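Everything below concerns the one structure shown next.
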Amino acid sequence: KTVENLVGSVTLIADKPVQVGDFCRVGDVVGTVEDIGMRSTRIRTNDRTVVTIPNGDFSSRQIENYAKRDRFLFNPRIGVEYGIGPAKLKEAVDLIETVLRDHPLVDDDGVRARFADFGASSLDIDIWSYIGVGDFADSLKVRQELLLTIFERLEAADIGIAFPTRTLHLVADPEAQAPRSEPREA
């Protein structure tokens, strides 16, 4: 085990899949790398606990380094209300795509908004683009800006965002509604 951890340490130092301060996922552990030692690596989780992983195990696991991102995927699904008609639905799709294209921090390549599905409670529009920032906190700010702008523009165009609804169609039983004839007395 000692040799395995030493080889794992050399691999971590040479390949540098993570560095101290990087936010990453190692196997099922998610957190920020606090220390890379000769025997083990310590990760501070979002719950503020410290997980120590022997370097032999660490280097053999799948490592996903979020700190190395160059951009963030923006891929929400927005549901608009049924009953708006096809012209308004097309307007909603075009409006959303325009919001994406007009934002300076959204990468131009691959920007799209498409009517995707007749959902259970909404007409669903899929959005696909990348936010061109490397910092997670910055990406959340841009995401909020985009969602708020989309919401404002849809509202200004009189296109409502759907919420879960159910419509019940009650069919009357014809026999239950027919007047009963009263028995005659003799």
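The values are calculated or read from the model by the stated rules, or taken from the named source; none is laboratory data. Bear in mind the structure is a predicted one, so any value in this text is a computation, not a measurement. Reconstructed Cβ throughout: ideal geometry from the backbone, glycine too, with neighbour counts over all protein chains shown. These accessible areas exclude ligands, DNA and RNA; they are computed on the full protein's heavy atoms, side chains included. Shrake-Rupley method; radii C 1.70, N 1.55, O 1.52, S 1.80 Å.
Below, the figures for the structure above:
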| item | result |
| --- | --- |
| Accessible surface of region 1-69 [probe 1.4 Å, protein heavy atoms]: carbon and sulfur percent | 49 percent |
| Relative contact order [Cα under 8 Å, 6+ residues apart], region 68-142, whole percent | 45 percent |
| Separation between Cα centres of region 47-101 and region 139-155, rounded to whole Å | 14 Å |
| Highest-fluctuation residue, V93, V50, V133 considered, GNM on the chain with Cα pairs under 10 Å | V50 |
| Ranked packing of 52-61, 164-173, most packed first, by mean Cβ within 10 Å | 52-61, 164-173 |
| Mean accessible surface per residue for the chain, computed with a 1.4 Å probe while every protein chain stays in place, in Å² | 67 Å² |
| Approximate spin-label separation L6-R69, in nm, with each point projected 7 Å along Cα-to-Cβ | 3.9 nm |
| Most to least accessible of R101, R71 (protein chains only, probe 1.4 Å) | R101, R71 |
| R42 accessible area, 1.4 Å probe, all protein chains in place, Å² to nearest 10 | 90 Å² |
| Table column - 3J(HN,Hα) (Hz), region 34-51, Karplus curve with 6.51, -1.76, 1.60, x for Gly and Pro | 9, 7, 10, x, 6, 9, 8, 10, 10, 10, 8, 7, 5, 7, 6, 8, 10, 10 |
| Choice from A120, A162, A87 showing the highest fluctuation, given a GNM over the chain with Cα pairs closer than 10 Å | A87 |
| Unit charges on C-beta of K, R, D, E only; dipole of the chain, Debye | 680 debye |
| Most mobile of K90, K16, K141 in a GNM of the chain (Cα contacts under 10 Å) | K16 |
| Tensor-based shape of region 26-115 (alpha-carbon gyration tensor, a/c under 1.5 rounded, otherwise prolate or oblate) | prolate |
| List I36, I43, ordered by accessible area with a 1.4 Å probe, largest first | I36, I43 |
